[in-house]
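Notes follow the structure.
The values are calculated or read from the model by the stated rules, or taken from the named source; none is laboratory data. The shown structure was predicted, so the numbers you read here are calculated from the model rather than taken from an experiment. Cβ sites come from the backbone with ideal geometry, for glycine too, and all protein chains shown count toward neighbours.
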Amino acid sequence: MLPGRGLSLGRAMVGCGTQPTLTIQSKNLKKYLLNTKLIPTESPMLKNLQMNSTDRLIINVMEAVDLEEVRILHNDDSTLEWLTDPTHVSPLMQEQWYQEISLSSTSQRYIARLKKDQTFVGVFRIDRMDLRNSSAIVGADVVPELRRQGMATEMFKYFLDYLFKGCGLNRLGLETLAINTGAIKMYKQLGFKQEGQLRKAIFRKNMFQELILMGLLREEWSDIQ
Ligand SMILES: CC(C)(COP(=O)(O)OP(=O)(O)OC[C@H]1O[C@@H](n2cnc3c(N)ncnc32)[C@H](O)[C@@H]1OP(=O)(O)O)[C@@H](O)C(=O)NCCC(=O)NCCS
């Protein structure tokens, strides 16, 4: 997904709820899904996903203590160049954004750190969480010094499992600049398919750029596993 601030394409991400842990979020979402009869009464994946870690990463909901590292990642030129709004964020703007995202029921941000020494790795975004239609928009940013080491792929695989199998979502989408070819390659490797493009949607590098829309369905993710 295209990172940025504000309503949709921000540094922050969407999730299955607004509570401070994956476990609590899963409980709330499970309650909703039970009411809508989308999943059986017991979902083994919800239990598995309470272990919020991958091979190399620990993943938690973003907290106030993470804000400065998130801000520095956002403000890095190599991140900002892919944002819809490539404006540097001040500490005060960051604080206001954190309050907004903390209260959001449709957006969530998660922080990945290295298991071995707690080094900040990056942010995973969930936005436009739509439980009625069982869909959400996702995205991730990784700190420059840890890129091309499979970190984003590891985060995505964790969250695709969490959202499709744990939360029972049916569809995940993302948006990215057409010129962000590295990210598009990764999304295709994960199974996302290009579904469309918005012509000349983003002004970047002194010209209007295409915005690529991609999507992945639960059944497609199951087939890949
Ligand atoms: C895009 C981004 C999240 C990828 O994170 P990452 O941890 O480096 O990605 P991975 O290491 O998991 O990459 C997996 C594969 O995707 C492709 N890929 C990722 N980044 C690439 C790049 N810059 N150039 C070419 N291919 C790239 C490669 O095929 C890579 O596998 P390989 O390294 O074995 O060749 C990271 O570069 C980033 O934060 N960029 C700035 C912000 C951004 O663009 N966010 C996404 C907006 S839509």
Residue pairs meeting the criteria (Cβ under 8 Å; at least 6 apart or on separate chains; first free of Cβ contacts under 8 Å to residues at least 40 places away in the same chain and surrounded by fewer than 19 Cβ atoms within 10 Å (Cβ to Cβ), in the stretch 53-79; second among the acidic types (Asp, Glu) and not in a strand (DSSP E or B)): 67/95
Apart from one, (1) near the ligand (Cβ under 10 Å from one of its atoms); (2) surrounded by fewer than 21 Cβ atoms within 10 Å (Cβ to Cβ) all hold for residue 139; the odd one out is (2)
Residue count for the stretch 142-163, restricted to those that are under 15 Å from residue 189 (Cα atoms) and near the ligand (Cβ under 9 Å from one of its atoms): 9
Kindly list, by first and then second residue, each pair from a residue in the stretch 84-97 that is of a type in the set (Val, Ile, Thr) to a residue that is at pLDDT 95 or above, limited to pairs with Cβ atoms under 7 Å and residues at least 6 apart or on different chains. 84/202; 89/71; 89/74; 89/75
Hey, could you check the stretch 201-222 for residues that are of a type in the set (D, E, K, R) and under 15 Å from residue 172 (Cα atoms) and say which is surrounded by the most Cβ atoms within 10 Å (Cβ to Cβ)? 218
Against the definition (closer than 22 Å to residue 215 by Cβ and within 16 Å of the ligand (Cβ to nearest atom)), how does residue 166 come out, yes or no? no
Name every residue in the stretch 188-203 that is within 12 Å of the ligand (Cβ to nearest atom) and either touching a Lys or Arg at 6+ places or on another chain (Cβ under 9 Å) or assigned to a strand (DSSP E or B) (or both), in order of residue number. 190, 202
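Within the group 64, 112, which residue is away from the ligand (no atom under 16 Å from the Cβ) and more than 20 Å from residue 175 (Cβ to Cβ)? Explain how you work it out, then say what you get.
Numbers: 112 fails: away from the ligand (no atom under 16 Å from the Cβ).
The match here is 64.
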Checking the condition modelled with pLDDT under 95 and either more than 13 Å from the ligand (Cβ to nearest atom) or touching a strand residue (DSSP E or B) at 6+ places or on another chain (Cβ under 9 Å) (or both), which residue from 179, 224, 212 passes? 224
I need a count of the residues in the stretch 120-164 that are touching a residue at least 60 places away in the same chain (Cβ under 8 Å), more than 13 Å from residue 216 (Cβ to Cβ), in a helix (DSSP H, G or I) and not aliphatic (A, V, I, L, M). 4
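Mind checking whether some residue in the stretch 75-89 is away from the ligand (no atom under 16 Å from the Cβ), at pLDDT below 95 and more than 26 Å from residue 189 (Cβ to Cβ)?
Within the stretch 75-89, not a single residue is away from the ligand (no atom under 16 Å from the Cβ), at pLDDT below 95 and more than 26 Å from residue 189 (Cβ to Cβ).
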